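Asker: For reference, the structure I am asking about is given below.
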Amino acid sequence: MIAVCRATTRELSKCLYELRKESPDPMIQAREAIQLISQTLSELRTSIANNGFPSIADEIEFFKLIKPVVDAELIYNNVILDIETKRAIQTKQQSTDYLHELELDFLNILQMNFEFVKYFKSDQVHLDTMYFTRKAGQFPISGKKMYVYHDPEFTNEYSYLVASLMAYDKLVETYHPNTPITQSNLNWTDSKLSLVELIYALHDSGAINNGKASIKELCQVFESMFNVEVDDVYRAFHEISQRKNDRVRFVNGLEAKLTERLDNQDE
């Protein structure tokens with residue numbers, strides 16, 4: 001069942017990517033995206049209602065890594081629709097003030113739940129049963145909730161908080177982009193999971209900023225450098241962690257290739 005949920009979410013990501021390429025109008029994009037996302041949420045809800053979760057691990061994966069991706073898109077696109085609709089009837093200053101107000105709403109809920117945000121962003125897992133099952137309701141989050149359909153059998157407070165974190169990151173990228181990296185002519189031609197292996201290996205090695213650069217920051221650099229889009233780096237890492245054999249096959253392959261080159265040079 002969880003495999004079906006993963007596939008459904010991947011298909012949504014592909015559809016949203018195509019939608020953004022086809023329509024340059026952010027209001028049209030947002031409206032059509034909301035329809036697609038709502039349909040996906042309905043499909044996921046039906047699947048959960050009919051099949052349930054075979055294990056606690058599946059329930060955790062769903063509420064930690066799958067549903068937040070969909071909810072984040074719903075939150076983000078509703079915010080975009082609000083901003084762009086008001087922009088059409090407001091002065092530039094009013095639009096700027098409204099955007100700032102929305103950003104403060106996001107920051108408020110994240111700051112009020114700082115310990116959880118720190119837990120999630122540092123890839124910890126020891127409290128996942130407490131945070132990412134439907135029984136986690138006894139630990140309600142603080143702050144204002146926006147744009148998410150609440151159903152006790154299909155909702156988890158901390159899953160929503162992860163979605164809010166993702167939506168806020170997307171909002172910042174949209175309206176406050178960093179200085180863009182010069183467009184590269186290099187393309188990543190291996191799998192995205194291989195790239196995620198490399199990102200995590202570099203992060204945990206401490207080779208970049210003494211290990212203080214975040215996974216998300218490293219991912220954004222590699223995406224720009226190699227013209228690739230990693231849909232959800234945290235979910236991708238979870239897929240890697242579930243491998244039964246040769247879990248870091250790409251990184252191991254790098255060592256083998258370099259050793260082969262050195263051996264050939266010695267001959």
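Asker: Quick test of your reading of the structure: GLU101 fulfils all but one of (1) of a type in the set (D, E, K, R); (2) open to solvent by 60 Å² or more (accessible area, probe 1.4 Å); (3) in contact (Cβ under 8 Å) with a residue 12 or more places away in the chain. Name the failing condition by number.
Answerer: For GLU101, the failing item is (3).
Asker: Hey, among the residues in the stretch 188-222 that are surrounded by fewer than 17 Cβ atoms within 10 Å (Cβ to Cβ) and acidic (Asp, Glu), which one's nearest to the chain's Cα centre (by Cα)?
Answerer: Restricting to residues being surrounded by fewer than 17 Cβ atoms within 10 Å (Cβ to Cβ) and acidic (Asp, Glu), the top hit is GLU217.
Asker: Another question, then. Would you check which residues across the stretch 12-33 are within 15 Å of VAL69 (Cβ to Cβ), touching a residue at least 12 places away in the same chain (Cβ under 8 Å) and not hydroxyl-bearing (Ser, Thr, Tyr) and list them?
Answerer: Once the filter is applied, which keeps residues that are within 15 Å of VAL69 (Cβ to Cβ), touching a residue at least 12 places away in the same chain (Cβ under 8 Å) and not hydroxyl-bearing (Ser, Thr, Tyr), the stretch 12-33 yields LEU12, CYS15, LEU16, ALA33.
Asker: Return the total of residues in the stretch 116-134 being in contact (Cβ under 8 Å) with a residue 60 or more places away in the chain and open to solvent by 60 Å² or more (accessible area, probe 1.4 Å).
Answerer: Residues meeting the conditions: 3.
Asker: For the stretch 76-83, check the following and say yes or no: at least one residue is touching a Gly at 6+ places or on another chain (Cβ under 8 Å) and open to solvent by less than 20 Å² (accessible area, probe 1.4 Å).
Answerer: Among the residues of the stretch 76-83, not one is touching a Gly at 6+ places or on another chain (Cβ under 8 Å) and open to solvent by less than 20 Å² (accessible area, probe 1.4 Å), which makes the answer no.
Asker: Does any residue in the stretch 39-57 that is open to solvent by 70 Å² or more (accessible area, probe 1.4 Å) come within less than 8 Å, Cβ to Cβ, of a residue that is of a type in the set (A, V, I, L, M, F, W, C) six or more places away or on a different chain, and which pairs are these?
Answerer: Listed pairs, sorted by first residue: ARG45/PHE154; ALA49/PHE154; ASN51/MET1; PRO54/MET1; PRO54/ILE2.
Asker: Could you say whether any residue in the stretch 80-98 is within 25 Å of GLN29 (Cα to Cα), touching a residue at least 12 places away in the same chain (Cβ under 8 Å) and under 18 Å from the mean Cα position of the chain (by Cα)?
Answerer: yes
The values are calculated or read from the model by the stated rules, or taken from the named source; none is laboratory data. Since the structure is predicted, the reported quantities are computational estimates derived from the model, not experimental observations. Don't worry about glycine lacking a Cβ; one is built from the backbone with ideal geometry, like all the others, and counts go over all protein chains shown. Surface accessibility is based on the protein's heavy atoms, side chains included, excluding ligands, DNA and RNA. Shrake-Rupley method; radii C 1.70, N 1.55, O 1.52, S 1.80 Å.
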